[in-house]
Each structure stands twice: as C-alpha cells, then as structure tokens.
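Input: a single structure, listed below in structure tokens.
The values are calculated or read from the model by the stated rules, or taken from the named source; none is laboratory data. Values in this document were obtained by computation on a predicted structure and should not be read as measured data. Neighbour counts are summed over all protein chains in view; Cβ atoms, including those assigned to glycine, are modelled from backbone coordinates with ideal geometry. Surface accessibility is based on the protein's heavy atoms, side chains included, excluding ligands, DNA and RNA. Shrake-Rupley method; radii C 1.70, N 1.55, O 1.52, S 1.80 Å.
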Amino acid sequence: MAAENLNLKEILIRDRNLSLLQKATAFSEFLHKNTQLERNFYFRIIDSPAANRVMAQDVLSGKTREMYMFGSNNYLGLANHPYVREKVARVCKKYGTGLGGPPSLNGYTSLHRALEERLSAFKKKEDTLLFSSGYAANIGLVNGMTDRRDLCLYDDYSHASFYDGLKGNKCKSVSFEHNNVDHLEAALEKYDSYVNTFVAVEGVYSMDGDMAPLDQVCQVAKRHNAMVVLDDAHGTGLVGKNGRGTAEHFGVEEDIDIVLGTFSKVFALNGAFVSSEKPIIDYLRYFARSYMFSASLPPVCIAAIDAVMDLIEDEPQRRNTLYENVQYTVDALKDHVTFACSPDAAIIAIRVPARVNIRELAYEFHCKGIFINSIEYPAVSVHQQRFRISMMATHTKEDINYLVDVIKHIWDRHGIS
Ligand code: PMP
C-alpha cells in the first residue's frame, strides 16, 4: 500500500506491513494535510512559569506573547512560589542535581525517606514509595500488584497509564461503566473465582472533573472482599477538608487499600507515589519494575514536593480561593454553555456539539489570547469533544471575566446554545 494514501485509521492499525519510516511519513503527511498546522495548538511552547498569565510562542506569528492560562493543572498556583524556589535552591546547594541511579542501588537519600514517611501520614497509610511519574507509577503498580489468577475491575474512564499497565499483564481485566456502582457490583458477582480482586477508580476524573462515588465503591468492594485501588492524581493536595484527597472528602481513607497520587498537578512538579500497608509497599519495591529499574527523583524535586506539602498543610486558604474561583466561573457560565464540573475539583469541561469544528473554536480562543486545552477525537468520540478549563487559585476575577466573555462571544458566533 502506498504510504501517502493512508488515512488516520489505517495508519493507526499496527499490523500492516509498513516500515516505521513509511508509517511515520504517512502520519506526518496526514498531520500536515488535515490539520492546517497553524491551527494545531498542541505542543505549544511556553517561556515563563505556569502562572495565570504566561508568555507563549504564537504559532501564527512566531512571536512570544502574553496569554491567559486556563490549561495548566498548577491548581494552587504553586509552580513558581518563592518558598518552594528557596527550598529547592538550598537543597541543590547541598545535594547537587540528580542521583544517577534507581533507589535500590544509589538513588535513595534521607530526603526521599522523610518524604515517603510524610506522605504515608498524609494518606493515613503505613508506607509509601516514590515513582518518577504518575505514568510510571500506574504501570509499576498494576504490574506489581496483579498476578495471572487475579481480577482487575476498572472504570471505563481510567487514565491511559492504567490501561497501559494492564496491557501485556496476565491478570483478567474487565472495565465497568463510568461511575456506575451497580455495573461494578454485577461484575463482582459475575467474576468471583479469582485469588485477588482489585477495583480501580480515580478520585477526580480529569476529562470531566467529576468524582468517583468512593463511599459506594468502597461499600460494594467490601461486600465482595475486593481491594480498592485509588488513583487520586487530581484530588491529592486539593480535595478534602485538609487536602488529603478524595478519600478524605468521602470519609473513606481507611477503606482504600492502595492509593496513588501524582506530583504533576497541584504540586506542579514531576513524580508520583503509592501508599498502602507496609508489606504491600515492601513487595512493590521489588516487583513494581518501573520503580526498581528507574532512576530516583532528584533531591531538588523531593525538596520542591516537600515545600509544597508545607504550603498545602499551612495555607488552606489557597484551596478556598481556588474553590471561590471555580464557583465564580460556574455561576458566570451556567446560563450560557453546557459544562460538567464537580464543585470540589478544579476542572470545568465545556461540551462542544459534534457538528461544530472544535479546531475552529480552538483557533478563536488562541486569537483572543486564551490558552485552553481542547479534547478532541481520537482522544474522545466526536460526541464528547470539549474544552477543558483548569482553574487556578491565582486566577484573578479579571482573568475569569475575560475567559467567560470570550466563551460567550465564540458560542454566540457559532450558534451554540
Ligand atoms: N493518573 C491520572 C488520573 C492522570 O490524570 C495522570 C496525568 N494526566 C496520570 C495518572 C499520569 O501522571 P503524570 O503526568 O505524573 O505521569
């Protein structure tokens, strides 16, 4: 088959007899032909901290310009906090930059251990281990915790890293409808002959900002002797009275068997952690391969995470300001657009009807100086395409008013009700 005649679906089918170069060339041609690259707002270059306003390179003019940032998960606005920077500088002076190896061999400092202990207390678990990213944590966790005689039931909307963890894994895996506890229970009843059963959910789902009904999930799992595995990437540091996460919000911290959090959202850093009972963590240290065979987070990153932990614990008003901003935005939008938002999370997903070309809208947001993420096919079906607004505590009322005015203007122009 001539590479230049392939469409996206054909390119994505893996078992065609195409060399890598053929596939890559066809994809590159597809990208240029079908997406008018100047209207492709992925991989944008930012030359400033991820604050409420950023300096971004404009793909249209090639020049750097200020943009309103509504696309960063730096929810509490801590990405450039002076306290964090100062702590990082101090640790950098003492430890230098990286460690040059995985924790098992040469990458484990007293800072790493202290952070593990701090996170264990934060998540009310016995022990914790640190991963280099949330992606690596899910891969390592799924592979480390499951065996061929185990069952893993997981929410349909689980993150790609969880799906990738399941790929090539020997356990039986079955998805249940998003947030449908009856469907989960039916699956638990149907598949009841496994050694270990895991029920995997997320605290806050990143695409719609909605929460798992964790209290019900825990009850159902308990009835069927299943372990609850919670990926609280978007809830850790934010949700719950003390920011301890979605399990705190639902009052079920004790009922979660294994909890994962990332440092890529509220912490605006890199890395992730998994907390559980001590024997399980000891076991994962050896059998979660993305932990065992990957270099440790550098001490400067550990210092930054620790500093953010201080701010989460000592400055709860940041979360209040964020929630005020979310509420303010929701109130301003509610008579004009269709959106999904959980009041305790910081994500607002505005739906775009399938008949509308979402790229046109993305282009208009860009022209108006708004940095916002569009979620489009094939990431979601065309009926689920949306813009995903990430709110931050550092957004001003002026930032939000501007965003809302632009949304209304674009929605009116395209006749979207
Ligand atoms: N889990 C969830 C639920 C996520 O949303 C993400 C990131 N979007 C990850 C895991 C991966 O985290 P990281 O970016 O730290 O690799």
Failed condition for Leu284, given (1) open to solvent by less than 10 Å² (accessible area, probe 1.4 Å); (2) over 29 Å from Met391 (Cα atoms); (3) in a loop (DSSP other than H, G, I, E, B): (3)
Residues located in region 195-222, provided they are of a type in the set (Asp, Glu) and farther than 22 Å from Asn143 by Cα: Asp208, Asp210, Asp215
Test for Gly271: is it within 16 Å of the ligand (Cβ to nearest atom), crowded, with 19+ Cβ neighbours inside 10 Å and closer than 18 Å to Asp155 by Cβ: no
Wholly enclosed strands (runs of 3 or more DSSP E) of region 139-257 bearing at least 2 residues more than 17 Å from Ile347 (Cβ to Cβ) and open to solvent by 10 Å² or more (accessible area, probe 1.4 Å): 172-176
Unmet criterion (only one of (1) touching a strand residue (DSSP E or B) at 6+ places or on another chain (Cβ under 8 Å); (2) within 18 Å of Ile372 (Cβ to Cβ)) for Pro103: (2)
Counted residues, region 102-121 - those being over 16 Å from Val308 (Cα atoms), small (Gly, Ala, Ser) and either at pLDDT 95 or above or open to solvent by 40 Å² or more (accessible area, probe 1.4 Å) (or both): 2
Unmet requirement for Tyr363, which otherwise passes all of (1) outside any helix (DSSP H, G or I); (2) surrounded by 17 or more Cβ atoms within 10 Å (Cβ to Cβ); (3) hydroxyl-bearing (Ser, Thr, Tyr): (1)
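Return a yes/no flag: does region 274-283 have any residue that is within 16 Å of the ligand (Cβ to nearest atom), under 29 Å from Gly209 (Cα atoms) and under 18 Å from the mean Cα position of the chain (by Cα). Write out each step before concluding.
Pass one, region 274-283, residues within 16 Å of the ligand (Cβ to nearest atom): 274-275.
Checking the rest, the ones that are also under 29 Å from Gly209 (Cα atoms) come to 274-275.
Filter once more, so that each one left must be under 18 Å from the mean Cα position of the chain (by Cα): 274-275.
The answer is yes, given that some residue of region 274-283 is within 16 Å of the ligand (Cβ to nearest atom), under 29 Å from Gly209 (Cα atoms) and under 18 Å from the mean Cα position of the chain (by Cα).
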Unmet criterion (only one of (1) more than 16 Å from the ligand (Cβ to nearest atom); (2) within 21 Å of the chain's Cα centre (by Cα)) for Leu105: (2)
Residues located in region 161-180, provided they are free of Cβ contacts under 8 Å to residues at least 24 places away in the same chain and either in contact with a strand residue (DSSP E or B) (Cβ under 7 Å, 6 or more places away or on another chain) or near the ligand (Cβ under 10 Å from one of its atoms) (or both): Lys172, Ser173, Val174, Ser175, Phe176
Test: residue in region 335-349 that is touching a Leu at 6+ places or on another chain (Cβ under 9 Å), among the small types (Gly, Ala, Ser) and outside any helix (DSSP H, G or I): yes
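Could you please find all residues in region 324-343 being open to solvent by 50 Å² or more (accessible area, probe 1.4 Å) and closer than 30 Å to Val84 by Cα?
We begin by selecting, within region 324-343, every residue open to solvent by 50 Å² or more (accessible area, probe 1.4 Å); these are 324, 327-328, 331, 334-336, 338-339, 343.
Within region 324-343, Glu324, Gln327, Tyr328, Pro343 meet the criteria.
Can you work out which of the residues in region 240-257 that are small (Gly, Ala, Ser) and away from the ligand (no atom under 13 Å from the Cβ) is farthest from the chain's Cα centre (by Cα)?
Step one: of region 240-257, the residues small (Gly, Ala, Ser) are 240, 243, 245, 247, 251.
So of that shortlist, the ones also away from the ligand (no atom under 13 Å from the Cβ) come out as 240, 243, 247, 251.
Details: Gly240: 18, Gly243: 16, Ala247: 17, Gly251: 22 Å.
That would be Gly251.
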Residue within region 122-132 that is under 25 Å from Ile302 (Cα atoms), assigned to a strand (DSSP E or B) and open to solvent by 10 Å² or more (accessible area, probe 1.4 Å) present: yes
Count of region 205-239 residues which are more than 10 Å from the ligand (Cβ to nearest atom), of a type in the set (A, V, I, L, M) and more than 26 Å from Tyr191 (Cα to Cα): 2
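Residues are listed down the side, and each one gets a yes or a no for (1) open to solvent by less than 10 Å² (accessible area, probe 1.4 Å); (2) part of a loop (DSSP other than H, G, I, E, B):
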{"residue": "Ile389", "(1), (2)": "yes, no"}
{"residue": "Ala393", "(1), (2)": "no, yes"}
{"residue": "Asn401", "(1), (2)": "no, no"}
{"residue": "Asp405", "(1), (2)": "no, no"}
{"residue": "Asp412", "(1), (2)": "no, no"}
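Report, by residue number, each residue of region 299-323 that is part of a helix (DSSP H, G or I), open to solvent by 20 Å² or more (accessible area, probe 1.4 Å) and either over 20 Å from Gly243 (Cα atoms) or of a type outside the set (Asp, Glu) (or both). Spell out the reasoning first.
Applying the first criterion (part of a helix (DSSP H, G or I)) to region 299-323 yields 299-314, 317-323.
Within this subset, residues satisfying the condition of being open to solvent by 20 Å² or more (accessible area, probe 1.4 Å) are 300, 306, 310, 313-314, 317-318, 320-321, 323.
Scanning region 299-323 gives Val300, Gln317, Arg318, Asn320, Thr321, Tyr323.
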Residue list for region 56-69, filter: out of contact with any Lys or Arg (no Cβ under 9 Å at 6 or more places or on another chain) and surrounded by 14 or more Cβ atoms within 10 Å (Cβ to Cβ): Thr64
Among the candidates Ile350, Ile375, Ile416, residue that is among the aliphatic types (A, V, I, L, M) and in contact with a Ser or Thr (Cβ under 8 Å, 6 or more places away or on another chain): Ile350
